[in-house]
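Below is one structure, written out as structure tokens, with a few remarks after it.
The values are calculated or read from the model by the stated rules, or taken from the named source; none is laboratory data. Note that the structure is a prediction, hence the values are computed from the model and not measured. So basically every Cβ, Gly included, is an ideal-geometry build from the backbone, and we count neighbours across all protein chains shown.
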Amino acid sequence: MTETAMNQTGATRAIDWADPALVQRVARRHRKDRMLRVAGLVALLTACLMLAILMASLLWSGHSAFTQTHVTLDFEVAAGKVNADKPGKGNYRGIVAEALKTRFPEVTSRRDQKALVGILSNGAQYILRDAVVANPDLIGTTVTLAVPVSDPYDQLAKGQIDVDTPEENRRLDDREIAWFHKLEAAGSVSRPLNLALLVNADSRFPELAGLSGALWGSFYALLVCFVISFPVGIAAGIYLEEFAPKNRWTDLIEVNINNLAAVPSVVFGLLALVAFIGWFGMPRSAPLVGGMTLSLMTLPTIIIATRIAVKAVPPSIRDAALGLGASKHQVVMGHVLPLAVPGILTGTIIGLARALGETAPLLLIGMNAFITQAPDGIMDSSTALPTQIFIWADSPERGFVARTSAAICVLLAFLVVMNGFAVYLRKRFERRW
Amino acid sequence: MLGYLFLVILIASGLGYFLNRFTARRLTASGHRLHSLAGFHGAFAVCLSGLPAFVFVLLWLVFQDRVIEAIIMGDLPADQTAALDAGGLSLIRTEIRSIAAGKIFGTPEPWKLAAAESLVNLRATAELALFVVVLGILAAGVLVARGKISPAFRARQRVEKVLSGFMVGCALLAILTTLGIVASLIYESLRFFDRVPILEFLFGLNWEPQIPIRADQVAGAGAFGWIPVLVGTLVITVVALVVAIPIGIYSAIYLNEFASPRVRAMAKPALELLAGVPTIVYGFFAILVVAPALRSAGEVLGIGVAPNTALAAGGVMGIMLIPFISSFTDDALAAVPRSLRDGSLALGATRGETMTKVLFPAAIPGIVGGVLLAVSRAIGETMIVVMAAGLIATLTINPLESVTTVTVQIVTLLIGDSEFDNPKTLAAFALGLMLFLVTLVLNVIALGVVRKYRELYD
């Protein structure tokens, strides 16, 4: 009887798919489906577009800083101006000014001559001095040397100064532009790769400023961070995964680690400021303190990576080793840990890459000081790559805008290399059991 | 110098290891049956020599300078220091320190020069003493371990006990860090609340963190009510979420349900890249591109937009949060059991209907957890707002105006200042405490929600 009843309902519910109302309804449902699909695609494309704009704007504003305009001039290193015994001492400033004056004999008024010297970077005299110190035989001869021009002329050469704007709104007046064009016409102007960006330390003058101090600072800080967080993170991860009893204490530690991973970075900076610098009396601005702070932030990442990698080692390996009479420690140290190392390394590199880009805690411990020398060790004052970017972004000189973008490109390049290495490690050593 | 010391410890431990392992092996070779493998006897030597030496050096380094300076300051001529307060003494200490480092400015008094000289001498003595003591510890450790080598000695158990202790210590470091954060923040905050009443801080509507330079200055007395700072933080957070939540969720839906494997393979790394960009880069992007663009857009529309409008900082922060929210949504959607999806599709629902009516509602708890974590991250985010948001705390909810945030205030109050003895710098720690508490609560709730949700379908 039930069967007939069902048949009956089936019969009465027969659907006429050609019914216009139904066709419309199905069409509407499919339209909604498409709309959701389009909305999702638009959202995804927006995200990708943002990434593209971000990268493009950085490259666009930063590319000019990878070259630096130089002027080749003849410097007459007269014996009277340089002390032959101490080639480091000498009136190099005068020699540089003289070289320009001989190049522009038509410039006679004192005011103009002073402006003329402004073509060259303030560092030109030191470059000349270093050349003479390296080779004292140059004293008494004429040295032909390419020296960097100052920031406004660099901008002019790169086409970033609009010659059509009224003279008073320009950073260079017509007369100065004419000088530069004369040099250009004589073929003295060149634009080699800006090696100073990587070799020099920080400077007030954009054309001399470089990243070497920041790169070394970041290197030392990451070194300290690695030395501390790698062994400690592995030990903690292994303990929690392999040895820890399941009780309230280990639960507390777990919650703690998960929470530490989400604590704002600036809070770690406050901790470092009070505890490391205040209570322990460690030096400000030192990569040592920076690295210790970063290691506290990297620890959760390494612990979590260790736990995942250790968990992925199949129990059969543990059982086999235990069955052969190995102690628990021997199993972990001799078998589980070696198999988990690739996974741990991948997590560590990713954690270090994140630490490399971390800025706020380093600002609080004073790694944003103006330091014109690369650090010699972990106790020296220094900046780090992200804090150097912060300093340059804050600097008023126009030339620092391009250099900030260039520094960001350098930072991103390091991050890409580190993450790429992590991906390679994962691909190369990934094992499916 | 220190590097050499650690090198010495390393070499000595290594020597001890090989020496004792060799001895143990000789014992085995001569027919004895040892309880522990030879390697464990070697490792025991390391536990007894290198480990205590290392710990000793660390402790020494923490206390060396303090002790030496206490001796120096105690030896200063009493007639010179009697009239000085703590600030004056610390000035003298800094001066002596810099003279000792070879940086002499002007002509210091002879007693300062003498103090600096004895500081240098004491440091040299301490260095020598440290070396000698460390060598002593190393030698004693290796010798004691050597004396213990015998067939019955359970070296393995000893070594494993040390190793276990080390591992427990490392795991406890996580708790220690949290305790350190809480202790340092509360300690400095209490000092702040000594000077500024806590109620004024919590409910005050004015934030002007200044300190009077002269005691009788009228306008210089600052105001420390954090409400405008809090409101500013919330305004920027809301802007960020308005950008991030729809884009993040919709792109996760697309990736999860509609995207072909090829699109997925391309979009996922792009989102990961967006997540891996350091926040300082976003901050520079905000001032380089977004803020000027918003301003010119405002000019076209005839709306006045402040140069560091909350929209710029918030919008860029939203971009930063997109991958965060999208990956949490993706995980939550992927965790919904297949049977739910198949059931819905079998009943004739379209894929879109399955998503909006079945999968998405089932995934909501996980998504909410992700959004809460995103809120916590937005509140604690520092570099974007330091670069792109304002410094003046105006009490407004208009995102076109310039507002400031908790993190901006912390950074600006503390940059370049190391003396925490005035309300201005101490205020940063009170703000830090608030920031820590708020994000802690959000994190704990969010992690709880996510965890519970995972258990639901496991």
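Taking the criterion of being modelled with pLDDT under 90, among the aliphatic types (A, V, I, L, M) and within 30 Å of the chain's Cα centre (by Cα), the only residue of the range B:234-270 that qualifies is B:A270.
Of B:S339, B:S344, B:S326, B:S376, all but one fail to be at the interface with chain A (Cβ under 10 Å from one of its Cβ atoms), more than 22 Å from the chain's Cα centre (by Cα) and within 29 Å of B:I249 (Cβ to Cβ); the exception is B:S326. Of everything listed in (1) out of contact with any Pro (no Cβ under 6 Å at 6 or more places or on another chain); (2) outside any loop (DSSP other than H, G, I, E, B), the single unmet condition for A:V132 is (1). Yes or no: B:V132 among the hydrophobic types (A, V, I, L, M, F, W, C) and modelled with pLDDT of 90 or more? The answer is yes for B:V132. For the range A:91-120, filtering for residues that are in contact with a helix residue (DSSP H, G or I) (Cβ under 7 Å, 6 or more places away or on another chain) and either free of Cβ contacts under 8 Å to residues at least 12 places away in the same chain or farther than 30 Å from A:A406 by Cβ (or both) leaves 6.
If I filter the range A:236-267 down to residues being small (G, A, S) and surrounded by fewer than 22 Cβ atoms within 10 Å (Cβ to Cβ), which single residue comes out as nearest to the other protein chains (Cβ to nearest Cβ)? By that ranking, first place goes to A:A262.
If you take the residues of the range A:385-433 that are closer than 20 Å to A:I302 by Cβ and touching a Ser or Thr at 6+ places or on another chain (Cβ under 6 Å), which of them is surrounded by the fewest Cβ atoms within 10 Å (Cβ to Cβ)? Only one residue fits best here, namely A:R426. Considered as a group, the residues in the range B:280-301 that are at the interface with chain A (Cβ under 7 Å from one of its Cβ atoms) and surrounded by 22 or more Cβ atoms within 10 Å (Cβ to Cβ) include one that is nearest to the chain's Cα centre (by Cα), and that residue is B:I280. Applying the condition of being under 21 Å from B:L288 (Cα atoms), surrounded by fewer than 23 Cβ atoms within 10 Å (Cβ to Cβ) and in contact (Cβ under 8 Å) with a residue 40 or more places away in the chain to the range B:379-401 and asking which residue is nearest to the other protein chains (Cβ to nearest Cβ) yields B:G390. With respect to the conditions (1) within 14 Å of chain A (Cβ to nearest Cβ); (2) surrounded by fewer than 19 Cβ atoms within 10 Å (Cβ to Cβ), B:S189 lacks only one, and its number is (2).
The criterion of being more than 14 Å from chain A (Cβ to nearest Cβ) and either surrounded by fewer than 16 Cβ atoms within 10 Å (Cβ to Cβ) or over 28 Å from B:F420 (Cα atoms) (or both) holds for B:V132. Take the residues in the range B:157-183 that are in contact (Cβ under 8 Å) with a residue 12 or more places away in the chain and closer than 20 Å to A:N259 by Cβ, then tell me which one is surrounded by the most Cβ atoms within 10 Å (Cβ to Cβ). Out of the qualifying residues, it is B:I181. Can you tell me which residues in the range B:237-293 are within 30 Å of B:V408 (Cα to Cα) and among the charged types (D, E, K, R)? Answer for the range B:237-293, where residues must be within 30 Å of B:V408 (Cα to Cα) and among the charged types (D, E, K, R): just B:E272.
Of the helices (runs of 4 or more DSSP H) lying entirely inside the range B:75-156, those containing at least 1 residues that are within 30 Å of B:F40 (Cβ to Cβ) and in contact (Cβ under 8 Å) with a residue 24 or more places away in the chain span B:110-148. Of the residues making up the range B:1-31, those that are among the charged types (D, E, K, R) and surrounded by 15 or more Cβ atoms within 10 Å (Cβ to Cβ) number 2.
Per the listing A:T306, A:T346, the residue uniquely farther than 18 Å from A:A244 by Cα, of a type in the set (S, T, N, Q) and either in a helix (DSSP H, G or I) or within 12 Å of another protein chain (Cβ to nearest Cβ) (or both) is A:T346.
Inspect all residues belonging to the range A:361-379 and state whether any of them is among the acidic types (D, E) and touching a residue at least 60 places away in the same chain (Cβ under 8 Å). No, the conditions are met nowhere in the range A:361-379.
Let's see how each residue does on (1) closer than 19 Å to A:P206 by Cα; (2) in contact with a strand residue (DSSP E or B) (Cβ under 6 Å, 6 or more places away or on another chain):
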{"position": "A:R93", "(1), (2)": "no, no"}
{"position": "A:L100", "(1), (2)": "no, no"}
{"position": "A:E106", "(1), (2)": "no, no"}
{"position": "A:R111", "(1), (2)": "no, no"}
{"position": "A:V117", "(1), (2)": "yes, no"}
{"position": "A:L128", "(1), (2)": "yes, yes"}
{"position": "A:A134", "(1), (2)": "no, no"}
{"position": "A:D137", "(1), (2)": "no, no"}
{"position": "A:T142", "(1), (2)": "no, yes"}
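Can you name the residue in the range B:421-458 that is surrounded by fewer than 18 Cβ atoms within 10 Å (Cβ to Cβ) and at the interface with chain A (Cβ under 10 Å from one of its Cβ atoms) and is also modelled with the highest pLDDT among such residues? The qualifying residue modelled with the highest pLDDT is B:V444.
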